[in-house]
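Asker: Before we start, here is the structure in question, set down as structure tokens.
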Amino acid sequence: MSERADTTDPSRRGFLRRAVAAAAAVTIAPGISLVRLADARPPDQRVTDANRWGLLVDASKCADGCGACVDACNEENGLKGTGRPATDAQWIRTVRLRDKATGRETRMPYMCQHCEHPPCVDVCPTGASFRRADGIVLVDRHICIGCRYCMMACPYKARSFVHEDLTGQKPDVPRGKGCVESCTLCVQRVDAGDRSTACADACAKAGHRAIVFGDLKDPKSEIFDLLAKLPTRQIREDLDLNTGVRYHGV
Amino acid sequence: MSPLRTFFYGLVAALALAGAAGGAWAEGRTPLPTITKGKGDQCVEPTAVMRTDHMRFLLHQRDETVHGGIRTKRHSLKECIECHAARDATGKPMPVTAEGQFCQSCHSFAAVHLDCFSCHATTPDK
């Protein structure tokens, strides 16, 4: 069997072909064209810091009583409840903030904030907790010894520990007992060239569009646009972690 | 018969018995692994190389995938499962760790513990 580098499905390939045709159509001079192809990384190339993946959460759009993002995350990553919610893995949760002075409540989805300077990586004794070049903070489960220092260090309480033997994992999302885990920004989708996460998709499908996924470094991305336009904040800005997840309306 | 001589004859008898038992073992009391044929004509590397070095490929690939985001299929565990998971009569894939299946069968023969599948899926997606 030879190396199969091309994993694009036929429909995507068709789209790319049309895109190439479109790009060719607007070439105004040799070497200069108005349209550049979307930078889908081939599967044999390493991730680089040319991208920084992140999320923009608009808390004002997050609808009360909706848990579409949480359900979609659980489905995408094969997270199943054990009936013991205190220890079940939560990669994303919805939180409610209440201003004690005014009583105003804000609701928003909350997950690993994918810091540029992640405290979980600082404290990991084995190097299992790491930040990928494209900004996604991950746990290498092959190296994780389950000490849970990272869980202590994370100011966002974003990580979970798998306490029990698991079965029926998703082929793209291996996970098992004795390891710490958290939101991966749907890294399996990012690597496949998808430009959305399960939570963002579900939120859009539910009609709220409170979560937008994208490349914080790509001036042509929606998230770049929105970040330039909207006043946004990082949670715990005081820690200077430069998070990849930004919030509007909190 | 002196006690020493009794002991000596006893030892010889015991060794002979052990030898006979050993011979029987070698001739099939431990079943040979059942190697089910995977999809396609040939694996990603020659069979002899795969037998000795599959773990080297997997270990290399896992680091590349987890840290570098490299998702080539050639040495990926997911693709191993894709080809080597046998199907039952109803066409449903069987776990590679089930009794007599590809991974389990050989690993049990070689008495090597199989760790991959406490985390990794044992059947293909579909």
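The values are calculated or read from the model by the stated rules, or taken from the named source; none is laboratory data. Computed from a prediction, not measured in an experiment: that's the story for all the values here. With ideal geometry, Cβ positions are generated from the backbone for all residues, glycine too; neighbour counts draw on all protein chains shown.
Asker: Take the residues in segment A:190-208 that are under 23 Å from residue A:78 (Cα atoms) and in a loop (DSSP other than H, G, I, E, B); name whichever of them is farthest from the other protein chains (Cβ to nearest Cβ).
Answerer: In this case the residue turns out to be A:206.
Asker: Moving to a separate point now. Out of the residues in segment B:74-84 that are more than 8 Å from every other protein chain (Cβ to nearest Cβ) and either of a type outside the set (D, E, K, R) or out of contact with any Lys or Arg (no Cβ under 8 Å at 6 or more places or on another chain) (or both), state the one that is surrounded by the fewest Cβ atoms within 10 Å (Cβ to Cβ).
Answerer: So the residue we want is B:83.
Asker: Out of the residues in segment A:156-189 meeting the condition of being closer than 26 Å to residue A:234 by Cβ and of a type in the set (A, V, I, L, M), tell me which one is farthest from the other protein chains (Cβ to nearest Cβ).
Answerer: A:158
Asker: Looking at segment A:76-99 only, could you name the residues that are in a loop (DSSP other than H, G, I, E, B), under 15 Å from the mean Cα position of the chain (by Cα) and not aromatic (Phe, Trp, Tyr)?
Answerer: Across segment A:76-99, the qualifying residue is only A:90.
Asker: Mind checking which helices (runs of 4 or more DSSP H) fall wholly inside segment B:37-126 and carry at least 1 residues that are charged (D, E, K, R)?
Answerer: Result: B:47-68, B:77-84.
Asker: Show the residue pairs meeting these rules: Cβ distance below 8 Å; 6+ apart or different chains; first residue within segment A:229-249 and surrounded by 13 or more Cβ atoms within 10 Å (Cβ to Cβ); second residue polar (S, T, N, Q) and assigned to a strand (DSSP E or B).
Answerer: A:249/A:106
Asker: When segment A:144-188 is examined, which residues are found to be among the β-branched types (Val, Ile, Thr), assigned to a loop (DSSP other than H, G, I, E, B) and modelled with pLDDT of 95 or more?
Answerer: Within segment A:144-188, A:145, A:162, A:184 meet the criteria.
Asker: Can you tell me which residue among A:94, A:87, A:102 is in contact with a Pro (Cβ under 6 Å, 6 or more places away or on another chain) and assigned by TED's automatic domain parsing to the domain that holds residue A:211?
Answerer: It is A:94.
Asker: Still on this structure, please answer the following. Can you pull out the residues in segment A:193-228 that are exposed (fewer than 15 other Cβ atoms within 10 Å of the Cβ) and at positive phi?
Answerer: A:207, A:209
Asker: If you don't mind, another one. Got a sec? Which of B:71, B:87 is touching a strand residue (DSSP E or B) at 6+ places or on another chain (Cβ under 9 Å) and either free of Cβ contacts under 8 Å to residues at least 60 places away in the same chain or more than 9 Å from chain A (Cβ to nearest Cβ) (or both)?
Answerer: Answer to the check: B:87.
Asker: Tell me which residues, restricted to segment B:101-124, are more than 18 Å from residue B:53 (Cβ to Cβ) and buried (at least 16 other Cβ atoms within 10 Å of the Cβ).
Answerer: B:101, B:104, B:105, B:108, B:117, B:118, B:119, B:120, B:121, B:122, B:123, B:124
Asker: I would also like to ask the following. Residue B:101 is checked against (1) closer than 14 Å to residue B:116 by Cβ; (2) in contact with a His (Cβ under 8 Å, 6 or more places away or on another chain); (3) away from chain A (no Cβ under 13 Å) and fails just one. What number does that condition carry?
Answerer: (2)
Asker: Can you confirm whether residue A:109 is out of contact with any strand residue (DSSP E or B) (no Cβ under 9 Å at 6 or more places or on another chain) and crowded, with 16+ Cβ neighbours inside 10 Å?
Answerer: It is false that residue A:109 is out of contact with any strand residue (DSSP E or B) (no Cβ under 9 Å at 6 or more places or on another chain) and crowded, with 16+ Cβ neighbours inside 10 Å.
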